[in-house]
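The values are calculated or read from the model by the stated rules, or taken from the named source; none is laboratory data. Keep in mind the model is a prediction, meaning the values are calculated, not measured. As a convention, Cβ positions derive from the backbone with ideal geometry for all residues, glycine included, and neighbour counts pool all protein chains shown.
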Amino acid sequence: MKKLIAAALFLVPASAGAGSYELMGKLDLFGGQYFFQNKSGAVNGYGVLDAQLARSYSPSLGFFASLRSVYTGFKQVNELAGGGTLFQQSLDNSLGFNLIRRYEGGYALKPRVGVKSELFRETKDEKWGKGLYDFTRYEGGLTLERKTRWGLSTPWTWQLSWDAYYTRYTRFKSLASQYGQELAAPDPGKRVLDTLTNQFSYGSEFDLPGFMKLDLLASLAMISFPDQKVINSEGAYLPSRRSDYYQSLNVGLYKRYNDIEALGRVRPVLGVNLGVAGQISNQNHLDTDPAHLKFIRSFYDYSEVRLAPNAQFTFIAPQLVTRFTYEFAVRRYSGRLAQKDDGAYTSSKLSQYSGSFTADASYPLAGSLDAKVQGTWATSRSNNRYEQVYRYNYYSSAYFAGVEWRF
């Protein structure tokens, strides 16, 4: 946190003192209330700071630093350790540095480094920085980009990227690793959530005729757990470590339609996003509860489909912008079994269905200051009824109002 605050303070004087620097970004400050499972929370806040400091050394060489900080003051279910965990509040900070080197033919190389810190409060009386699932992620990567054309009239930009991440959960350590010798228990490892990730991705962006845009992103992430051992059906931990493979494909299509001559002219933009993803893991799960002893192979394997239609309407005369997004997702586990309320296993594989709807509007107040309102509704349903470890069934909503300042 101290490093991120120092970086933020560094950004402002740099832009003021050197003419070749450019500082840009936005600050969102909201107040509102959340509702979780028919229970309302106290009025709280939501804030986002996005800042970029850019400098161009020449037409072919440039640099920019980015700072992002997000505070979420309402209940949320985040997936961090193989399932949904409920948190009261979260604070996400990230800092990145990018270099851009352009070459003839529309090519560009973009190396980058960064760090991300995320803090979670599971209970209201838990202090910041003391959360069990707090983590820090160190990042680095390289992107090859080319701006060209598909045919004669379609601008086309593609990117080929490699990224590496090291994620360290600051306070999460397995109890068995600390007390295993005294209890004569198997040792699963110490920092069982820490990961090393290599990710390869390919993205394309097409500016199609008729005010249409097509986006495509495909990625493969190879995730290793250096200190998490694989468990077998006898409850013993093997010398091999857990490794996951996560692959995804996302396609988005957007179209701007002709202005509607009503209410001072309305400019509609409609779009849809389709995503498919899947994870393959060599880690199994052994439920040692005598009431329902069970070994489940490939416990973390799943496939997922997401569909998200969206719409934006810009009212030209009053400069009012409204946005609506609905996302529906289906996740099916290939090995994990659904459980009853008492934890007894069924013969059905676990499935989860989730949906969310977001509506927001912004209206200019003065200069670069906008008033904004936002409402969100989310629900998750599953054939699993046992939720002592993860949340599979819940619904929530929230409303916020505030301002956005662009600089």
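Filtered by the rule that a residue be modelled with pLDDT of 95 or more and either not in a strand (DSSP E or B) or not basic (Lys, Arg) (or both), the stretch 317-333 gives LEU320, VAL321, THR322, PHE324, THR325, TYR326, GLU327, PHE328, ALA329, VAL330, TYR333. Which of the residues that make up the stretch 381-398 are within 21 Å of the chain's Cα centre (by Cα) and closer than 18 Å to GLN88 by Cβ? Once the filter is applied, which keeps residues that are within 21 Å of the chain's Cα centre (by Cα) and closer than 18 Å to GLN88 by Cβ, the stretch 381-398 yields TYR390, ARG391, TYR394, TYR395, SER396, SER397, ALA398. State which residue is surrounded by the fewest Cβ atoms within 10 Å (Cβ to Cβ) when the search covers only the stretch 259-292 and only residues that are in a strand (DSSP E or B) and modelled with pLDDT under 95. Only one residue fits best here, namely ILE260.
Residues are listed down the side, and each one gets a yes or a no for (1) at pLDDT 85 or above; (2) farther than 15 Å from THR195 by Cα:
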{"residue": "GLY129", "(1), (2)": "no, yes"}
{"residue": "GLU139", "(1), (2)": "yes, no"}
{"residue": "THR154", "(1), (2)": "yes, yes"}
{"residue": "GLN159", "(1), (2)": "yes, yes"}
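If you go through the stretch 311-334 and keep only what is touching a strand residue (DSSP E or B) at 6+ places or on another chain (Cβ under 9 Å), over 20 Å from SER380 (Cα atoms) and either exposed (fewer than 15 other Cβ atoms within 10 Å of the Cβ) or not hydroxyl-bearing (Ser, Thr, Tyr) (or both), you end up with ALA311, GLN312, PHE313, PHE315, ILE316, PRO318, GLN319, LEU320, VAL321, ARG323.
The set of residues from the stretch 38-64 being outside any strand (DSSP E or B) and either without any contact (Cβ under 8 Å) to a residue 24 or more places away in the chain or farther than 16 Å from PRO111 by Cα (or both) comprises ASN38, GLY41, ALA42, VAL43, PRO59.
Residue by residue, here is whether (1) acidic (Asp, Glu); (2) surrounded by fewer than 17 Cβ atoms within 10 Å (Cβ to Cβ) holds:
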position	(1), (2)
GLU22	yes, yes
GLY32	no, no
GLY45	no, yes
ALA51	no, no
SER58	no, yes
PHE64	no, no
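Just to be sure before I move on: is SER224 buried (at least 16 other Cβ atoms within 10 Å of the Cβ) and either hydroxyl-bearing (Ser, Thr, Tyr) or over 18 Å from the mean Cα position of the chain (by Cα) (or both) in the structure I sent?
Here the answer is no, as SER224 does not meet what is asked.
Under the condition of being closer than 22 Å to MET212 by Cα and not aromatic (Phe, Trp, Tyr), the residues counted in the stretch 278-319 number 9.
Which condition from (1) in contact with a Pro (Cβ under 8 Å, 6 or more places away or on another chain); (2) in contact (Cβ under 8 Å) with a residue 24 or more places away in the chain is the one that ARG149 breaks? It is condition (2) that ARG149 fails.
Quick check, is SER368 more than 30 Å from VAL48 (Cβ to Cβ) and surrounded by fewer than 17 Cβ atoms within 10 Å (Cβ to Cβ)? In short, no.
Picking from residues in the stretch 202-241 that are assigned to a loop (DSSP other than H, G, I, E, B) and of a type in the set (Gly, Ala, Ser), the one that is modelled with the lowest pLDDT is GLY235.
Which residues, taken from the stretch 112-127, are over 19 Å from LEU196 (Cβ atoms) and either of a type in the set (D, E, K, R) or over 16 Å from the mean Cα position of the chain (by Cα) (or both)?
Those that are over 19 Å from LEU196 (Cβ atoms) and either of a type in the set (D, E, K, R) or over 16 Å from the mean Cα position of the chain (by Cα) (or both): ARG121, GLU122, THR123, LYS124, ASP125, GLU126, LYS127.
Annotation: GLY84 fulfils all but one of (1) at pLDDT 65 or above; (2) within 30 Å of SER354 (Cβ to Cβ); the unmet one is (1).
Being touching a residue at least 60 places away in the same chain (Cβ under 8 Å), assigned to a strand (DSSP E or B) and surrounded by fewer than 17 Cβ atoms within 10 Å (Cβ to Cβ) is a property that PHE295 has. Reported count of residues in the stretch 244-258, each being surrounded by fewer than 17 Cβ atoms within 10 Å (Cβ to Cβ), in contact with a Leu (Cβ under 9 Å, 6 or more places away or on another chain) and among the polar types (S, T, N, Q), is 1. Of all residues in the stretch 293-316, those that are within 25 Å of the chain's Cα centre (by Cα), hydrophobic (A, V, I, L, M, F, W, C) and modelled with pLDDT under 95 total 1.
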